[in-house]
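Structure, as structure tokens:
The values are calculated or read from the model by the stated rules, or taken from the named source; none is laboratory data. A quick note: this is a predicted structure, and the numbers were derived from the prediction, not measured. We place every Cβ from the backbone using ideal geometry, glycine too, and count neighbours over all the protein chains shown. In case anyone asks, the SASA skips ligands and DNA or RNA and just uses the protein heavy atoms, side chains included. Shrake-Rupley method; radii C 1.70, N 1.55, O 1.52, S 1.80 Å.
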Amino acid sequence: MQPFAYNAPATRVIFGSGTRARLADEVRRLSCRRALLLSTAPQRGEADALAADLGALAAGVFAEAAMHTPVDVTARAVAQARALDADCVVAIGGGSATGLGKAIALHTDLPQIVLPTTYAGSEATAILGQTEGGRKTTLRNAKVQPEVIIYDVDLTLTLPPQQSAVSGLNAIAHAVEALYAHDRNPVTSLIAGEAIRRFAQSLPKLMAAAGDRDARSDALYAAWLCGCCLNAVSMGLHHKLCHTLGGMFDLPHAETHAVILPHAVAYNTPAAADAMQHIALALGATDASAGLFDLAHRLARRPRLPRWECKHRTSTARRRLLSKRPIQIHGRSRCRRFERCSTTRCTACGQCLHRAAGRPRMRDFDEHNITRAVIDSLAQTGDARLKTVMTSLVRHLHDFVRDVEISFEEWSAAIDFLTRTGQMCSDKRQEFILLSDTLGVSMLVDAINHRMPEGATETTVLGPFFVAAAPELPFGADISGGIEGEKLSVNGVVCASDGRPLAEATVHVWHADDDGYYDVQQADLQSLAMRARFRTDRDGRFAFTSIMPAFYPIPHDGPVGEMLEALGRHPYRPAHVHFMIAAEGYETLITHIFDAESPYLDSDAVFGVKNSLIAPFPRDDRSGKVQRGLSYRFGLKPLPNAAQLV
Ligand code: NAD
């Protein structure tokens with residue numbers, strides 16, 4: 001083993017959930033009595049809450065911490081600390097609040113307690129970056145190393161997913177560069193690998209569920225490890241570049257790291273092959289830069305510097321600036337030299353690094369980099385919504401294939417299934433709608449698009465048997481088309497969601513017969529039956545008679561039926577009547593009313609049943625002939641957002 005030196009900082013670390021409750025004890029433990037609480041303005045509420053918890057131990061709150069620790073803010077904070085006779089500082093927040101605490105400590109030697117709420121890792125370092133007149137300088141001084149870190153996982157739950165992602169990538173950058181630092185040692189390499197591994201596993205979980213405490217816990221622990229790396233060894237090209245660009249163009253800190261990191265790693269791979277292998281292994285990838293690209297992609301969108309932040313940077317101006325301040329890296333660093341930008345694009349220095357790395361990306365695809373390549377190929381899509389939809393589709397489709405490790409046979413069976421589903425479609429049969437219905441997708445789309453206000457009738461699936469050309473019939477008409485069955489009498493009222501009746505609304509109705517077949521499924525029927533179109537009268541009423549529909553199986557003699565059988569599912573739907581109701585100024589309502597006595601209400605093959613849509617169809621035999629009835633009041637949701645369908 002190579003000889004090495006390792007300095008372990010004397011910082012006390014408390015880690016867990018609810019640990020902020022231990023703050024008062026920690027203040028007393030430092031023999032302090034008057035803590036000045038520090039935060040950014042948006043996190044003033046958290047600082048105030050801590051002050052309330054501390055009671056007499058709190059001297060005051062200073063909530064003006066800002067990114068990159070501007071020296072004028074520090075001067076005001078130091079003055080306040082002195083005026084309040086504070087004997088320690090307590091910083092709650094990300095690197096900005098921590099940085100302010102460190103800057104105060106530099107001037108006053110006050111001990112610091114930090115409660116981190118991002119993954120920046122600054123709390124674990126003796127490093128302080130400060131800005132004055134647009135120029136950022138960094139110093140290392142034992143005076144700024146915080147005495148106590150209280151990691152409370154609960155404080156990170158509010159960090160929005162996208163911010164968690166870039167903050168996590170910012171932290172990963174510390175661990176990545178620790179692995180090829182010239183002064184690295186076995187301890188930091190061990191810590192760095194573990195930190196990258198924990199982040200790679202926890203960050204995607206946070207994007208899916210920001211409140212996942214286990215993932216939050218892993219990410220916060222990893223953030224501490226990354227901070228330890230940053231503290232223990234020298235950073236290289238990536239940090240220098242982010243530092244230079246960030247200071248020069250006032251770029252957001254974490255986002256800049258997140259954008260540059262995969263490019264910097266790609267560029268530096270030839271200089272530190274062993275470190276790159278370690279990084280790839282920790283990421284579960286075959287290649288370090290590809291693994292970081294993929295991770296950034298998985299964390300929602302690839303982090304980008306917002307356009308407005310780049311708009312003033314012509315390539316000439318940027319080159320001039322950068323050539324005045326070249327990227328200087330430690331002589332013994334295992335980093336490739338990088339002196340000036342060469343791209344004419346203004347999106348980030350990553351473009352230059354990438355080009356300089358000379359690593360063609362449109363080839364040599366494997367399971368780790370193909371998703372990124374496909375998503376990159378969508379870059380020129382003009383329609384922003386199409387791009388969003390296709391990017392998500394590609395990501396989820398690839399994740400699905402990876403998740404189940406699909407075999408060739410399974411994939412070709414899936415393609416055959418979809419082909420036959422398409423071939424089954426005709427003007428009378430829509431197998432794709434059945435597929436969407438039976439997989440619950442139709443109801444999911446419906447639920448997302450029809451969030452109903454109170455008083456509006458709930459929606460459900462359209463189903464495959466709607467016929468737009470159904471005849472318009474008068475109030476009270478018999479729509480049975482002569483088909484035999486138990487008589488049904490329907491009385492409906494169409495209202496606005498506030499209860500006002502709606503005249504002249506168009507009401508399409510359609511239903512199955514007492515064997516469960518719609519007219520369009522019966523080859524021997526010469527005309528449409530059990531369907532019609534009505535117009536509501538001045539009181540919003542419509543009425544018709546027909547026959548009682550029965551529960552029925554959805555068409556199951558095609559690929560969808562095969563699928564249901566293979567899954568051990570039945571194809572039945574409970575008995576119902578369909579309604580499609582349109583009125584000017586209102587969202588068109590597509591719904592069913594289900595017979596409360598029907599079987600399959602709790603296992604509808606298309607997941608369409610909602611409690612509010614189940615109604616009694618009571619029996620009435622006063623006329624001597626048994627007849628069923630249905631009375632229902634329909635409520636329509638006002639436009640303007642949705643377009644009417646009919
Ligand atoms: P930040 O501290 O500026 O936080 C960004 C924003 O997020 C702020 O408005 C903050 O109030 C808010 N925020 C923080 N935690 C939140 C939470 N849990 N819920 C909701 N909102 C929350 O940003 P940062 O990326 O954590 O830190 C960046 C700063 O830290 C930079 O100045 C950088 O130079 C410095 N830094 C220093 C070191 C070091 O060792 N000296 C290391 C890393 C970063």
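Here the condition is being assigned by TED's automatic domain parsing to the domain that holds R22, open to solvent by 20 Å² or more (accessible area, probe 1.4 Å), modelled with pLDDT of 95 or more and part of a loop (DSSP other than H, G, I, E, B); of E46, E64, it holds for E64 alone. For the stretch 16-43, the candidate set comprises residues that are within 13 Å of the ligand (Cβ to nearest atom) and hydrophobic (A, V, I, L, M, F, W, C); within that set, the residue that is most open to solvent (accessible area, probe 1.4 Å) is A41.
There is at least one residue in the stretch 111-129 that is more than 20 Å from N141 (Cα to Cα) and polar (S, T, N, Q).
R135 meets the conditions (1) open to solvent by 10 Å² or more (accessible area, probe 1.4 Å); (2) within 7 Å of the ligand (Cβ to nearest atom) in every case but one. The failed one is (2). Scanning the stretch 514-544 for residues that are in contact with a strand residue (DSSP E or B) (Cβ under 7 Å, 6 or more places away or on another chain), part of a loop (DSSP other than H, G, I, E, B) and over 28 Å from R429 (Cα atoms) yields T536, D539, G540.
Would you mind telling me which numbered condition in (1) at positive phi; (2) away from the ligand (no atom under 16 Å from the Cβ) G93 fails? If we test G93 against (1) at positive phi; (2) away from the ligand (no atom under 16 Å from the Cβ), just (2) comes out false.
Residues that are under 27 Å from Y586 (Cβ atoms) and open to solvent by 30 Å² or more (accessible area, probe 1.4 Å) within the stretch 468-488 comprise A468, A469, P471, E472, L473, P474, F475, G476, listed in sequence order.
Residues considered: A103, A91, A126. Of these, the only one that is surrounded by fewer than 24 Cβ atoms within 10 Å (Cβ to Cβ) and within 22 Å of A10 (Cβ to Cβ) is A126.
Within the stretch 551-569, the set of residues being open to solvent by less than 60 Å² (accessible area, probe 1.4 Å) and either among the hydroxyl-bearing types (S, T, Y) or at pLDDT 95 or above (or both) comprises Y552, G558, P559, V560, G561, M563, L564. Looking only at the stretch 106-116, residues that are of a type in the set (S, T, N, Q) and either in a helix (DSSP H, G or I) or surrounded by fewer than 24 Cβ atoms within 10 Å (Cβ to Cβ) (or both) come to 1 in all. When restricted to residues that are exposed (fewer than 14 other Cβ atoms within 10 Å of the Cβ) and among the polar types (S, T, N, Q), the stretch 1-15 contains 2. I'm trying to understand the selection: among the residues of the stretch 51-71, which are without any contact (Cβ under 8 Å) to a residue 60 or more places away in the chain and within 16 Å of the ligand (Cβ to nearest atom)? Once the filter is applied, which keeps residues that are without any contact (Cβ under 8 Å) to a residue 60 or more places away in the chain and within 16 Å of the ligand (Cβ to nearest atom), the stretch 51-71 yields V61, F62, A63, E64, A65, A66. Could you tell me whether any residue of the stretch 172-181 is closer than 30 Å to A75 by Cα, in the same structural domain as G291 (by TED's automatic domain parsing) and not charged (D, E, K, R)? There is at least one residue in the stretch 172-181 that is closer than 30 Å to A75 by Cα, in the same structural domain as G291 (by TED's automatic domain parsing) and not charged (D, E, K, R). From the list F594, F542, F579, F534, the one residue that fits, being closer than 20 Å to V626 by Cα, modelled with pLDDT of 95 or more and buried (at least 17 other Cβ atoms within 10 Å of the Cβ), is F594. A residue that is away from the ligand (no atom under 11 Å from the Cβ), part of a helix (DSSP H, G or I) and farther than 22 Å from G45 by Cα occurs nowhere in the stretch 145-159. A Cβ distance below 6 Å, combined with a sequence gap of six or more or placement on separate chains, defines the contacts here; from the stretch 470-487, residues that are more than 19 Å from R619 (Cα to Cα) reach residues that are of a type in the set (D, E, K, R) in the pairs A470/R531; A470/R533; E472/R533; I483/D513.
Of all residue pairs spaced 6 or more apart or on separate chains, those with beta-carbon atoms under 8 Å, a first member in the stretch 128-142 that is within 13 Å of H243 (Cα to Cα) and a second member that is of a type in the set (G, A, S) and more than 8 Å from the ligand (Cβ to nearest atom) are L128/A103; Q130/A103; T131/G247; G134/G247; R135/G247; K136/G247.
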